[in-house]
Amino acid sequence: MKYLFFILPLLALVYVFIRMWYILPFSSLGKSFVVGLGVLIFASMILLFVAGLDNMPLKISTIFYEITTSWLFILLYLLMIFLLMDILRCCHVLPKEFLFNSIKGTCIVFGAVLLIFIYGNIHYYQKKKVNIALTTDKQIEKPLKIILISDLHLGYHNQRHTFAKWVDKLNKEQADLILIGGDIIDISTKPLFEQKVYEEFIRLNAPIYAC
């Protein structure tokens, strides 16, 4: 059973690249270039995370991190879209020609991926505050204002300049307490040490409890 966690993602990856090969309206050389580039980026991601991401200068490793992780999300979107299209084809809703050497099919698939990717990035950077009022039977001197944050994932993507903006917003709340519910670091501590991210934690103007 444990091998399924390795086999299923691999099969999904092969499926996506096969569907890409079929739908692209290029010659065999063009198809080989696009699919080969996709395989190369995916292989680079595995090699970088296993062996060398921390061994490169921060700026270079950040670029590689952004490219490879973005490609991972793109592959996930392609998987869902191709599966949906194959289901529609089997139900005779989508013509077979739409999925083979199709300019229209290629534009719709990769256009949809691009729109999803852009929307996801916009949604990610528009952080929203959610107010929750809690009551208790315990006697307290005054109402407490507690901020709960989680999934900071500080590292190659969320670097110090990003975290500094979050700290500014948190300090404006004038909270009595700040709770951090885990996932503070993403993959590596190297970017945190190099950018002295701890100095941003020191700027927080309330006691912090974290896990």
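The values are calculated or read from the model by the stated rules, or taken from the named source; none is laboratory data. Computed from a prediction, not measured in an experiment: that's the story for all the values here. Glycine also receives a Cβ, built like all others from the backbone with ideal geometry; neighbour counts cover every protein chain displayed. For the accessible areas, the whole protein counts, side chains as well, though only heavy atoms, and no ligand, DNA or RNA atoms are used. Shrake-Rupley method; radii C 1.70, N 1.55, O 1.52, S 1.80 Å.
Keeping every protein chain present and rolling a 1.4 Å probe, give me the accessible area per residue for region 62-102 in Å². The partial results should precede the final answer.
Working: 2490 Å² over 41 residues.
Value returned for region 62-102: 61 Å² of accessible area per residue.
Restricting everything to alpha-carbon atoms, can you work out Rg to Rh for region 36-184 with a Kirkwood hydrodynamic radius?
Numbers: Rg = 22.2 Å, Rh = 19.7 Å.
In region 36-184, Rg relative to Rh is 1.13.
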*Please provide three numbers in whole Å: the alpha-carbon extents of region 28-109 along the principal axes, with the largest listed first.*
51, 26, 18
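At a 10 angstrom cut-off on C-beta neighbours, averaged per residue, how do the peptides 87-93, 35-41 rank from highest to lowest?
On the way: 87-93: 10.6, 35-41: 14.0.
Output ranking for 87-93, 35-41: 35-41, 87-93.
Please give the calculated 222 nm ellipticity per residue for the chain, where each DSSP H segment of at least 4 residues contributes -39500 (n - 2.57) and the sum is spread over every residue; nearest 500 deg cm²/dmol?
On the way: 7 runs with 120 residues, N = 211.
Value at 222 nm, helices only: -19000 deg cm²/dmol.
Which value, in debye to the nearest 20, describes the size of the charge dipole of the chain about its Cα centre when Lys and Arg Cβ atoms bear +1, Asp and Glu Cβ atoms bear -1, and nothing else is charged?
Numbers: 20 positive and 15 negative charges, 80 e Å.
It works out to roughly 380 debye.
Using the structure shown, select from K59/K169; K138/K169; K145/K196; K145/K190; K128/K196; K128/K172 the pairs with a Cα to Cα distance greater than 24 angstrom. Mind dumping the intermediate values first?
Working: K59/K169 26 Å; K138/K169 30 Å; K145/K196 28 Å; K145/K190 33 Å; K128/K196 26 Å; K128/K172 14 Å.
Violating the 24 Å Cα-Cα cut-off are K59/K169; K138/K169; K145/K196; K145/K190; K128/K196.
Quick check: at a probe of 1.4 Å, how many percent of the accessible area of region 58-155 sits on carbon and sulfur atoms?
Details: 5140 of 7500 Å².
With neighbouring chains kept in place, the figure for region 58-155 is 68 percent.
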*What list of whole percents do you get for P(r) of region 169-211, with Cα-Cα distances grouped in 5 Å bins up to the one holding the largest distance?*
5, 19, 26, 26, 17, 7, 1
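If I take every Cα pair under 8 Å that is 6 or more residues apart in the chain, average their sequence separation and divide by the length, what percent do I get for the relative contact order?
Values: 181 pairs, mean separation 40.9, N = 211.
RCO, the chain: 19 percent.
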*What do the square roots of 5 times the Cα gyration tensor eigenvalues come to for region 119-200, in whole Å, largest first, as semi-axes of the equivalent ellipsoid?*
28, 16, 12
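Determine the dipole magnitude for region 50-155: charges of +1 sit on the beta-carbon of Lys and Arg, -1 on that of Asp and Glu, nothing else is charged, the reference point is the Cα centre, and the result goes in debye to the nearest 20. Let's see the in-between values first.
Numbers: 10 positive and 7 negative charges, 71 e Å.
Using only the charged Cβ atoms, the result is roughly 340 debye.
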*Which of the peptides 189-195, 151-157 is most tightly packed, and how do the rest follow, going by the mean number of other Cβ atoms within 10 Å of each residue?*
151-157, 189-195
